[in-house]
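A quick write-up on the structure given underneath.
The values are calculated or read from the model by the stated rules, or taken from the named source; none is laboratory data. Treat the numbers as computed from the prediction; the structure is a model and nothing was measured. When we count neighbours, we look across all protein chains shown, and the Cβ atoms used for this are built from the backbone with ideal geometry, even at glycine. Ligands, DNA and RNA are stripped out before the accessible areas are found, and what is left, the full protein with its side chains, is counted by its heavy atoms. Shrake-Rupley method; radii C 1.70, N 1.55, O 1.52, S 1.80 Å.
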Amino acid sequence: KFYNASTSTYTDKNFIAGAGQTAFTAGTTTGNYQVVNNPYAMNTSFGRFAPRTGNFQMVVRNTTTPTAKAWFKTVNVTPGATYSFCTWAARVDNTSPAAALFVKSGSGEIEIASAALAGATGAWQQICGSYTIPAGVTTLEISIRNKNAAAGAHNYALDDICFRTLYLPASLGNRIWIDQNGNGIQDPAETTGQSGVTVTLYRP
């Protein structure tokens with residue numbers, strides 16, 4: 001939402017004309033979403049529950065278009081790095097929704113995680129996946145969409161969407177020397193190399 005201080009009004013900007021794709025639009029009918037404090041405010045058949053954190057959550061009303069994106073964003077990435085993409089989701093009514101996380105670089109699109117939303121209405125559930133960026137790719141589209149949307153109703157809420165770096169690409173150099181003064185720097189007098197050293201690389 002964008003806040004207009006002069007008129008004291010909020011305007012949905014995520015998918016309205018000129019601001020994103022048209023798979024979902026701001027509103028209350030099928031194929032629409034609203035950013036609200038409580039799903040009941042969007043539709044009285046939806047449950048009453050709070051956002052997972054903060055004051056707002058994104059409530060999505062189902063569409064039967066499998067490619068329709070409930071949320072998406074283009075992000076800058078580092079080739080060779082591994083990223084984590086997660087969201088929290090919850091049922092808003094007695095339907096059985098499922099959500100999926102996708103990444104897209106160029107024309108290729110991959111589903112990296114999905115889950116059927118189970119449990120009581122308003123029970124927040126995390127969906128997470130990871131993806132390693134191919135060589136030469138510097139931008140990535142990440143999206144959340146219905147899983148098997150054509151199969152039935154998928155009404156749900158989203159909150160706390162997170163995309164972050166897990167691992168950056170790294171390499172080992174080809175020089176090992178005796179650090180006589182222990183300062184971690186190869187000083188001019190420290191020219192004696194060391195051969196035949198075994199180096200073991202660990203990660204958590």
Query raised in the report: For the chain, what's the relative contact order in percent, using C-alpha pairs closer than 8 Å and at least 6 residues apart?
Result: 22
Query raised in the report: Taking all protein chains as present, what is the carbon and sulfur share of the accessible area of the chain, in % to the nearest whole number, probe 1.4 Å?
Result: 50
Query raised in the report: How much net charge surrounds residue 194 when only the other residues with a Cβ under 12 Å from the Cβ of residue 194 are counted, with Lys and Arg +1 and Asp and Glu -1?
Result: -1
Query raised in the report: So which aspartates and glutamates can residue 147 reach, going by Cα to Cα under 13 Å and dropping same-chain residues fewer than 8 places off?
Result: 111
Report task. Specify which residue in the list 155, 43, 32 is farthest towards the positive end of the charge dipole of the chain, using unit charges on the beta carbon of Lys, Arg (+1) and Asp, Glu (-1), about the Cα centre. Result -> 43
Query raised in the report: Toward the positive end of the charge dipole of segment 62-204, about the Cα centre and with charges on Cβ (Lys, Arg +1; Asp, Glu -1), which of 178, 194, 88 goes farthest?
Result: 88
Query raised in the report: Just one of (1) 16.7, 49; (2) 23.4, 77; (3) 17.4, 58 is Rg and Dmax of the Cα atoms in Å calculated from these coordinates, so which is it?
Result: (2)
Requested in this report: Name the residue, out of 141, 111, 190, whose mean-square fluctuation peaks in a Gaussian network model built on the chain with Cα pairs under 10 Å.
Outcome: 190
Query raised in the report: Please identify the trypsin sites (Lys or Arg not before Pro) of segment 47-151 that satisfy two criteria: DSSP loop assignment and at most 16 other Cβ atoms within 10 Å. Which are they?
Result: 48
**Report entry** Relative contact order of segment 62-181, pairs being alpha-carbon contacts under 8 Å that are 6 or more residues apart, as %
**Finding:** 43
Report task. Check the straight Cα-Cα distances from residue 73 and name the aspartates and glutamates below 12 Å, setting aside those fewer than 8 residues away within the same chain. Result -> 141
**Report entry** Surface per residue (accessible, 1.4 Å probe) for the chain, Å²
**Finding:** 56
Report summary line: Given backbone amide H placed at 1.01 Å from N, residues whose amide H is under 5 Å from that of residue 70, ignoring those fewer than 5 places away on the same chain, are 144, 145, 146
Query - Relative contact order, percent, segment 132-204 [alpha-carbon distance under 8 Å, six or more residues apart] - result: 19
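What dipole magnitude, in Debye to the nearest 20, does the chain give about its Cα centre under +1 on Lys/Arg Cβ and -1 on Asp/Glu Cβ?
The calculation lands at about 620 debye.
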